[in-house]
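K.L.:
Below is one structure. I have some questions about it.
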Amino acid sequence: MHILKQAALLCCGLLALAAASIVSAGDDSSPDATFRAGTAQWIAAYNAGNLDRILALYAEDAMVMPPDAPAASGHAAIREFLNKDIASSKAAGITLSDLSSGSTTGTSGDLGWHTGTFAVLDANGKTVVTGKYAEIWRRDGGKWMIIRDMWNNDAPAAAAAAPAMP
């Protein structure tokens, strides 16, 4: 698979790009801090191949909407998608990086959102893809969980080179 396509799929996992730590109702952390910390945890878990840690951030009825791939609904489908995506990324030697120092967050009642930007890095640390993400969070039983996670690339993946003419 072409590295840029793999990078695009990797971005899916990111969005993600995208997840926060689970916060109890009595926790002193603000939802904004929770969302930002969750995204950092999601990226670290993705790069480490810790699929269970990523899934713990999603509600059972969550949906991820990666670029160039069908949406995945529910833990089983999200696990299947991320398992393949992480394996592909590891094989290509690419990792994710959060560029969201200026990310935005907000809440309204038991719903919240987090938007930001990311980069996909090759094995040498060179940026090969940049993009943006949006996460939607829901507070259930005092815990913030991701219910929707979508991301896309800033530019389309490069087309494969045409075969040489004999």
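Read-outs: derived from the displayed coordinates by stated rules, not from any lab. Here the structure is a predicted model, which means the values were calculated and not measured. All Cβ positions, glycine included, derive from the backbone under ideal geometry; neighbour counts span all protein chains shown.
K.L.:
Count neighbours as other Cβ atoms within 10 Å of each site's Cβ, and list the trypsin sites (Lys or Arg not before Pro) in the range 32-131 that are DSSP loop with at most 15 such neighbours.
P.N.:
Lys126
K.L.:
So, one more: Starting from the Cα gyration tensor of the range 85-130, take the square roots of the eigenvalues, sort them a ≥ b ≥ c, and report rounded, prolate or oblate (rounded when a/c is under 1.5, otherwise prolate if a/b is larger than b/c, else oblate).
P.N.:
It comes out oblate by the Cα gyration axes.
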